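Trainee: Sharing a structure below in structure tokens format, with a few things to ask.
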Amino acid sequence: MQITERKDGFVVEIEGRTLLRHTAAAPCCAVGTGKADVAMYRGNFDIRDTVLQQIPLDRWSVAGNCIRLWADAGPTLTLTIADGAIALACDDASVNRFWLTIVAEPGESVWGGGEQMSYFNLRGRRFPLWTSEPGVGRDKSTEITRQMDALGNAGGDYWNTNYPQPTYLSSRRYALHIDTTAYAVFDFTGAAHSIEVWGVPARVELWTAPDFAGLVSALSKRFGRQPPLPDWAISGAIVGLKDGENSFARLEAMLAAGAAVTGLWCEDWAGVRVTSFGTRLFWDWRANGQRYPQLRERIAALRNRGIRFLAYVNPYLANDGVLYERARQLGYLARKADSDDPYLVDFGEFDCGVVDFTNRAAADWFADVVIGGEMLDIGIDGWMADFGEYLPTDVRLADGTDAMLAHNAWPTIWAEVNARAIGSRGKTGEALFFMRAGYTGVQQHCPLLWAGDQSVDFSRHDGIGTVIRAALSSGLLGNAYHHSDIGGYTSLLGNVRTAELILRWSEMAAFTPFMRSHEGNRPKDNLQLDSSPDILAHFARMSRVHAALAPYVRALCDEAAATGLPLQRPLFLHFEADEACYPIETQYLYGADLLVAPVIEAGRSDWDVYLPAGADWVHVWSHARHAGGQWLSVAAPIGAPPVFWRASSQHAALFASLAEAG
């Protein structure tokens, strides 16, 4: 980076890209104080701020790599530039608000922000960065969102996400990361990019590269790369059933129908409880012998047939369970602010304690005794590591960390507990967990993301299409592997799955690294994969297509380990010269050589696909060859989702066989 002092201020550039431009009339930084008002109801947050003071730091001095900013009266902020970062220090400990203005250019695009589901290009919108429930509907113009807002502020908005991260990439080929866990806001609505942080961050980190692949590789190296997915995870579908002992019989019927299955996921392994939301789980992470008799033996028998057993866990303990009482006696639960009583969180008609992972003994206990002893040691090879977003802001933690700062960090800490459990049994890269919650550094610990709880529909902001944007945005920040619940999850207020939805979702899932189904929050109200012979036959066929792709996916996993490139990629990652690729957010490249354009609207039997310039493309189902650089309307009946391969690919023979794989 280079600092150039001018008569009226200074400019900071990195590799010729102007990032900061400061004058007395337009300072690049401000500091101040504010008072937050935060209310949480079942993972949904109402966050308001009263800014008590905002001080533009209009005066400056430059000495070497150090910039001092101040006003006539007030604090001084020091910016020290070294090693591709700007370190920040303020001489006033009362400062708890920070504003930074970044130079933007007309036509610039920005991507990232964690896992964003409504918009891939963030330009023109404002994004608060706070891990939470995303909400149901996520569109204030829809009736379902309005109704859910009335039911506990649960409707959400376009920016609500389980996984925020204060990192973005620019079409100017630089990336920026704010090193903080505080509540923050990225505002891309103006002529410049504005960043707000509820505290002075430690650093602003920056990277440049001649191409986007280089930027993604640099970010993945910074945040941590995942181990390659195990063979069992990519060579067949993972069937999600929560039907107790009957789950095994239903699995056999799916296998008899020709499904390629390498995993049975029973999230109800620890028992269930029924609430008004639907069938929930009993949050006491021990095998339930009544619901799953002789589970250890069942797991071993499945494993001998090449089928792994997956389960479910989260970092909370129901206060009517055995493990809660053990954790309470050991002093492993987070406490109320004004007493030594455990802090209980309302999760919807039942209360839970928060295992305090800032207490290393508590984290070790959960990793070794709960996940290790109750799960891995009985043969469980994978699980959904759910939640992580619910840490209250008024909880008292063992290490004294302010919960407002711990809240965003909690998903990463939770991921580390899971990874540590797997490592303690020597199963890193063989056992697998997947998470919806995240924040900076989750990449280092979590081997696989899933897109959270989509509604069971085609809606713009909460349906099937959101998982594509989620994969693309999170993938640019170093999360190589992503997937979603086939058929969606959330069924409320009369919204239920259609056959078309579950069929289209199965098609899309076949072209993701981990193909997994979910029965949803109201299994009895919704269609399932085995609800009809036609749905099951379609799923079985798509699972065989998914299995046939395993050699290609293995090559992509190896590439991800070496370079950090995600498996699902925006078109511009490999076709930077083709400007038509940049606004596309509902197609993706699967590796460099497959182009996938899922049908994400109801009632369609055709679909418009953009084929990037610079390559010829071959339609998987018809083998018709097309030149790149054009929009193409293709037939897309159920069973033939729009998928093309690059004609010059070394995997062409494999791709040519996919039509017959089913």
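Trainee: When LEU52, LEU241 are ordered from fewest to most other Cβ atoms inside 10 Å of their Cβ, what list results?
Mentor: The most exposed by this proxy come first: LEU52, LEU241.
Trainee: Could you give the nm distance between label points at ALA26 and GLN290, where each point is 7 Å from its Cα heading toward the beta carbon?
Mentor: 6.8 nm
Trainee: Let me ask another. Extension gain GLU430-THR33, at 0.36 nm per residue separation less the Cα-Cα distance, in nm?
Mentor: Extending this stretch completely gives an extra 138.1 nm.
Trainee: A follow-up question, please. How do VAL110, VAL274 rank when sorted from fewest to most other Cβ atoms within 10 Å of their own Cβ?
Mentor: VAL274, VAL110
Trainee: Can you tell which of LEU57, LEU169, PRO75 lies farthest toward the positive end of the dipole of segment 33-178, using +1 and -1 charges on the Cβ of basic and acidic side chains (Lys, Arg; Asp, Glu)?
Mentor: Towards the positive end, the residue furthest out is LEU169.
Trainee: Counting each DSSP H run of 4 or more residues in the chain as -39500 (n - 2.57), what helix-only mean residue ellipticity at 222 nm follows after dividing by all residues, to the nearest 500 deg cm²/dmol?
Mentor: Only helices count here, giving -6500 deg cm²/dmol.
Trainee: Which lysines does LYS336 reach when only Cα atoms under 30 Å apart count, and residues fewer than 8 places away in its own chain are ignored?
Mentor: LYS35
Trainee: Please state the shape class of segment 569-661: rounded when a/c is under 1.5, otherwise prolate if a/b exceeds b/c and oblate if not, all from the C-alpha gyration tensor.
Mentor: Verdict is oblate for segment 569-661.
Trainee: Run the numbers on segment 311-393 and let me know its relative contact order in percent, using alpha-carbon pairs under 8 Å that are six or more apart. Present the calculation step by step, with values, prior to reporting the outcome.
Mentor: Working: 89 pairs, mean separation 31.6, N = 83.
Contact order relative to length: 38 percent.
Trainee: Then there is this: Assign unit charges at the C-beta atoms only (+1 for Lys and Arg, -1 for Asp and Glu), then state the dipole size of segment 2-223 relative to its Cα centre in Debye, rounded to the nearest 20.
Mentor: 180 debye
Trainee: What is the order of PHE644, PHE433, PHE350, PHE655, fewest Cβ neighbours within 10 Å to most?
Mentor: PHE350, PHE655, PHE433, PHE644
Trainee: Sticking with this structure for a sec: Students often get this wrong: which residues of segment 170-211 have the backbone nitrogen under 20 Å from the point 7 angstrom along Cα-to-C-beta of SER94?
Mentor: What the label zone holds, given the 20 Å backbone N cut-off, is 197-201.
Trainee: If you don't mind, another one. By how many nm would the segment from LYS524 to THR78 grow when fully extended, if each residue of separation counts as 0.36 nm and the alpha-carbon distance is taken off?
Mentor: 154.6 nm
Trainee: Now for a separate question. In debye, nearest 20: dipole of the chain around its Cα centre with unit charges on the Cβ of K, R (+) and D, E (-)?
Mentor: Roughly 760 debye for the chain.
Trainee: On to the next question. Which whole-angstrom value gives the distance between the alpha carbon centres of segment 408-423 and segment 156-189?
Mentor: Here the two parts' Cα centres lie 22 Å apart.
Trainee: Where the centre of each part is set by its Cα atoms, how far does segment 610-629 sit from segment 500-536, in angstrom?
Mentor: That distance is 29 Å.
Trainee: How many nm is it between the label spots at GLU13 and THR189, if each spot is 7 Å from the Cα in line with the beta carbon?
Mentor: 3.3 nm
Trainee: Taking amide H positions as placed 1.01 Å from N in the peptide plane, with prolines and chain starts having none, which residues 5 or more places from ALA613, or on another chain, fall under 5 Å of its amide H?
Mentor: Counting only residues 5 or more places away or on other chains, the set is GLY629.
Trainee: Rounded if a/c is under 1.5, else prolate if a/b beats b/c, else oblate: with a ≥ b ≥ c from the C-alpha gyration tensor eigenvalues square-rooted, which is segment 2-223?
Mentor: Here segment 2-223 falls in the oblate category.
Trainee: Could you list the residues of segment 527-570 with an amide nitrogen less than 16 Å from a label point located 7 Å from the Cα of GLN147 in the Cα-to-C-beta direction?
Mentor: none
Trainee: Still on this structure, please answer the following. Give the percent of DSSP beta bridges with both residues in the chain that are antiparallel, rounded to the nearest 5.
Mentor: Of the beta bridges lying entirely in the chain, close to 80 percent run antiparallel.
Trainee: Ordered by residue, what ³J(HN,Hα) values in Hz, to whole numbers, does segment 544-553 give under the Karplus form 6.51 cos²θ - 1.76 cosθ + 1.60, where θ = phi - 60° and Gly and Pro are x?
Mentor: Once rounded to whole Hz, the list reads 6, 4, 4, 5, 5, 7, 3, x, 5, 5.
Trainee: If I stretch the segment between GLU579 and ILE638 completely, what's the gain in nm (0.36 nm per residue apart, minus their alpha carbon distance), one decimal?
Mentor: Fully extending the segment from GLU579 to ILE638 adds 18.1 nm.
Trainee: Okay, moving on. First check a/c for segment 614-662, with a ≥ b ≥ c the square roots of the eigenvalues of its C-alpha gyration tensor; if it is under 1.5, answer rounded, and if not, answer prolate when a/b is larger than b/c or oblate otherwise.
Mentor: Numbers: a/c = 2.83, a/b = 1.09, b/c = 2.59.
Verdict is oblate for segment 614-662.
Trainee: Tell me, what HN-Hα J-couplings in whole Hz come from the Karplus equation 6.51 cos²θ - 1.76 cosθ + 1.60 at θ = phi - 60° for each residue of segment 464-473, using x for Gly and Pro?
Mentor: Values per residue, Gly and Pro as x: 4, x, 5, 6, 5, 4, 4, 5, 5, 5 Hz.
Trainee: Please enumerate, by chain and number, the lysines with C-alpha under 30 Å from the C-alpha of LYS427, excluding those fewer than 8 residues away in the same chain.
Mentor: Of all the lysines, those that pass the test against LYS427 - Cα under 30 Å, at least 8 places apart if same chain - are LYS221, LYS242.
We did not get these values from a lab; they are worked out from the coordinates using the rules stated. Quick caveat, the model's predicted, so the values are computed rather than measured. Don't worry about glycine lacking a Cβ; one is built from the backbone with ideal geometry, like all the others, and counts go over all protein chains shown.
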